[in-house]
Amino acid sequence: MSIELISYKLCPYVQRSLITLLHKGAEYRISYIDLADPPAWFAEISPLHKVPLLRVDGEVLFESAVINEYLDETNGAPLMPSNPLQRARQRGWIEFGSELLGDQWRLSTQSGERYDAARESLLGKLRTLQGQLDQSGGDGPFFAGEQLSLVDTAYAPLFMRHALLDGPLALTAAGEFPRLERWSEALLALPEVRQSVVPEFESLFRDYVRDAGGRAGELI
């Protein structure tokens, strides 16, 4: 089986799938494109003109959650629960993470009232997530306990970017999100997470935020 991941170096959604590939030890190749100037073939195979795309023996899959479930089902031990109710619950929190990434992107690129709105929305969702983790109990270190899940691979890119933004933007008060902090530390320490970005990721991300011309670019 031939697997090719179509990527953009800063895309957190691509990173979700790359973490899953690395964790599973699957054989793959990765192709980077410039979303500002994509090749002609990309528009022909990407229905939403977005990454990630996964080409599997000529077939094309899109949307990171779909790609991750396919990779999970076809490589090694499953990262999703066997119980349908718990599996559906985790899918819901993966979608919640996508909403958080949207807020984080707006926070990184907007100014004025849009920046303020994104900040409040992001903090509100982080409080909801912290409450969910507190309610579910257990010490982690991951979302569902000691075993990594697709929820974890979905949130690791969020936490990686949050680590770069948090200090300069004074996003979160010290001690307000202890469970999220422990979860973030556990994920960012994983080799598959550290290896899921290009070596120059931090400088590329900071340049992207500065070039966006928003409030965050003045502070980061």
#### Entry: Cα gyration tensor shape for region 1-109, rounded if a/c is under 1.5, else prolate or oblate
oblate
### Choice from His49, His23, His162 with maximal GNM fluctuation in the chain (Cα, 10 Å cutoff)
His49
### Query
When DSSP assigns beta bridges and you keep just the ones with both residues in the chain, what percent turn out antiparallel, to the nearest 5?
70 percent
### Antiparallel bridges, percent of DSSP beta bridges restricted to region 3-74 (to nearest 5)
65 percent
### Task
Tell me what the chain gives for mean residue ellipticity at 222 nm when only DSSP H runs of n ≥ 4 count, each as -39,500 (n - 2.57), the sum divided by the residue total, rounded to 500 deg cm²/dmol.
-19500 deg cm²/dmol
### Task
Just check region 1-52 against the gyration tensor rule for me: Cα atoms, a ≥ b ≥ c as the square roots of the eigenvalues, rounded for a/c under 1.5, and otherwise prolate or oblate depending on whether a/b exceeds b/c.
prolate
### Task
Go ahead and set up a Gaussian network model of the chain, Cα springs under 10 Å, then flag whichever of Ala170, Ala26, Ala40 fluctuates most.
Ala40
### Summary
Candidates for Cα extents along the principal axes in Å are [x] 43, 38, 36; [y] 48, 43, 28; [z] 96, 31, 21, and the calculated one carries label [y]
### Message
Counting other C-beta atoms within 10 Å, and keeping those with at most 15, which DSSP coil GluC sites (Glu not before Pro) do you find in region 1-93?
### Response
Glu27
### Message
What whole-number distance in Å separates the alpha-carbon centres of region 1-37 and region 152-220?
### Response
19 Å
### Query
In debye, nearest 20: dipole of the chain around its Cα centre with unit charges on the Cβ of K, R (+) and D, E (-)?
260 debye
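FYI, it's all coordinate maths here, none of it is from the lab. Everything quoted here is computed from the prediction, not taken from an experiment. Cβ atoms come from the backbone with ideal geometry, glycine included; neighbour counts cover every protein chain shown.
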